[in-house]
Amino acid sequence: MSKVDIVLVKPGSQEQLYGELSSFQLTAIEPPLWGAILAGYLRNLGYSVVIYDAEVENWSYEETAKRIIEAEPLLVAIVVSGTNPSASTMNMTGAGKIVSLVHELDPNIKTMLAGLHPSALPERTTNEVDADFVCQGEGFYTLPKLIDSLKSGAKNFPIQGLWYKKDGTVVSNTRPPLMKNLNELPMPAWDLLPIPKYRAHNWHCFDDIKHRQPYAILYTSLGCPFRCSFCCINALFGKNTIRYRGLEKVIEEIDFLVNTYGVKNIKIIDEIFALNEKRVVKLCEMIIERGYELNMWAYARVNTVTEKMLAKMKEAGINWVAYGFESGSERVIEDVSKGYKMEQVDKVVRLTYDLDMHICANYIFGLPEDDYDTMNQTIKLMLDINAEWANIYCAMAYPGSELYEIAVKNNWQLPKSWQGFSQYAYESLPLSTKYLTGGQVLAFRDYAFQVYYHSPRYLSMIKRKFGEETMQHIMRMAEKKLKRKYATI
């Protein structure tokens, strides 16, 4: 008899996915929120649950498999979901290796892949990976049914959301409905995770760069109503929609994280937090009443924020706002259905700075309409905005996005391995544009990174706002040159 019903695993290798950046501890190590949500839900139903976070523990694939075997679970589910759209597909390589190693060590343990990527490509995942099952969707319906079926010795599994092979043939079931009332979910199982080990992004803590731990992430809503062609976030949910948690549930979780673990640095993981002014203001007022002095950040859109909303966010301790500016070219923005006009950018940037908030600016090089002229327009926009932090990405056709479907339909070149979808890996290969190869885009992105983080105006601003130590930290960061297999001039 199994010791536990299910082990939920977060795969991950900082070194393989982030290259040289991993040794400098620039990147965050974020809690596996989906694993914790599922663990809390399953435990509340009476199942015994263990969570293993291989990334934060720095376990090899072999060590992860060994730990799973020692737990003697009935089922192990590798949850291939991260806290941004890019964090799922790039972990598929490691997830597949862990599954294979578990089967080698103990063929009796049933294995499953769940998360965003498996939900986007359930049939391909079922065929490619040596897992017994693939879960499409959130898992709230599928996992309890599967555990019960395995306990009863079932051989057939007519369970919504479940894919598997029988006699060499892929068996599929329909998607389960989404959970309508998120208040039915208990708090994520934070007690099953090593909270003190999690680390915030370096930029999130520019005010106090040496104190990035402890760190937590939470959601106030799931999903996104927008349809940006490069985004895959809704693949887990099956449609473009947004569902909200009750604010009392959200504040209860913040209270727990602050009072139990002393958490001050928090990421609000909502794909679009700054959307409903009334709701945002109410939550912020609830946080303000507690006087916690938090350091938080959240996502916003150029065309959804308001002055009242941002002012309350700042007062509540949301010091950083992450905007998806993406490109400095109107043509490029319109092509990917971003939904805002370039003239809105300057107004929002000025408003954010006037409220003494910091900007985490997101840019993407290599969207379908990009050429060297438009990418240079993006560099100009980057330097004009002069955000305290800039995430500088390449366009990737992530499974689950419209861009991926277009790429497959038109036979555009995609990475040869799932690890090649990582932004910072040696094997990284962005999508080609109508005018440039993926290698050219990659080289330009790395050039843009150097231009931005060596900008005298940028470094002067950082020193003025955050001090000499943070400026020196950034200068050391900019010295790190990523090794790239496909970058071409």
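Bear in mind that the values in this text are calculations on the coordinates, not laboratory data. The structure presented is a predicted model; accordingly, all values stated were derived computationally and were not measured. We place every Cβ from the backbone using ideal geometry, glycine too, and count neighbours over all the protein chains shown.
Which GluC sites (Glu not before Pro) from segment 387-480 combine a DSSP loop assignment with at most 13 other Cβ atoms within 10 Å?
Here the sparse-neighbourhood loop sites are 479.
For segment 350-395, what's the relative contact order in percent, using C-alpha pairs closer than 8 Å and at least 6 residues apart?
55 percent
Mind sorting 418, 412 by how few other Cβ atoms lie within 10 Å of their own Cβ, fewest first?
With the sparsest Cβ surroundings first, the list reads 412, 418.
Using r as the Cβ-Cβ distance of residue 105 and residue 27, and R0 as 25 Å, what FRET efficiency do you calculate, to the nearest 0.05?
With R0 = 25 Å, the Cβ-Cβ based efficiency is 0.25.
Tell me, in nm to one decimal, what length is gained between residue 478 and residue 343 on full extension, where the rule is 0.36 nm per residue of separation less the Cα-Cα distance?
Going from the current span to full extension adds 45.5 nm.
With a cut-off of 8 Å between alpha carbons and a minimum separation of six or more residues, what is the relative contact order of segment 23-99 in percent?
Relative contact order, segment 23-99: 32 percent.
For each of 257, 192, count neighbouring Cβ atoms within 10 Å of the residue's Cβ, then give the residues from fewest to most.
In order of increasing Cβ crowding within 10 Å: 192, 257.
Check residue 53: other-chain or 5+ apart residues with amide H under 5 Å from its amide H, H built from backbone geometry?
Result for residue 53 returns 10.
Have a look at the DSSP beta bridges in segment 211-356 and tell me what percent are antiparallel, nearest 5.
20 percent
Between residue 350 and residue 248, what FRET efficiency follows from the Cβ-Cβ distance if R0 is 41 Å, with the result rounded to 0.05?
About 0.70, to the nearest 0.05.
Using Cα centres only, tell me the gap between segment 44-94 and segment 410-461 in whole Å.
So the separation of the two Cα centres works out to 29 Å.
Collect residues whose amide H, placed 1.01 Å from N in the peptide plane, falls under 5 Å from the amide H of residue 220; neighbours closer than 5 in sequence don't count.
Long-range HN contacts for residue 220: 269, 270.
Compute the relative contact order of segment 4-172 as a whole-number percentage, counting only Cα pairs closer than 8 Å that sit 6 or more residues apart in sequence.
After rounding, I find 22 percent.
Going by Cβ distance under 4.7 Å, what cysteines of the chain have no possible disulfide partner?
135, 205, 224, 232, 284, 360, 394
Skipping prolines and chain starts, which residues have an amide H placed within reach, meaning under 5 Å, of the one on residue 360, given they are 5 or more residues away or on another chain?
Counting only residues 5 or more places away or on other chains, the set is 321, 322, 323.
Among (1) 60, 60, 45; (2) 65, 54, 37; (3) 67, 65, 54, which one is Cα extents along the principal axes in Å computed from these coordinates?
Only one option fits the structure, namely (2).
Distance between Cα centroids, segment 170-231 to segment 328-386: provide it in whole Å.
So the separation of the two Cα centres works out to 26 Å.
So in segment 4-172, what percent of DSSP beta bridges are antiparallel if you round to the nearest 5?
If I count the DSSP bridges inside segment 4-172, around 30 percent turn out antiparallel.
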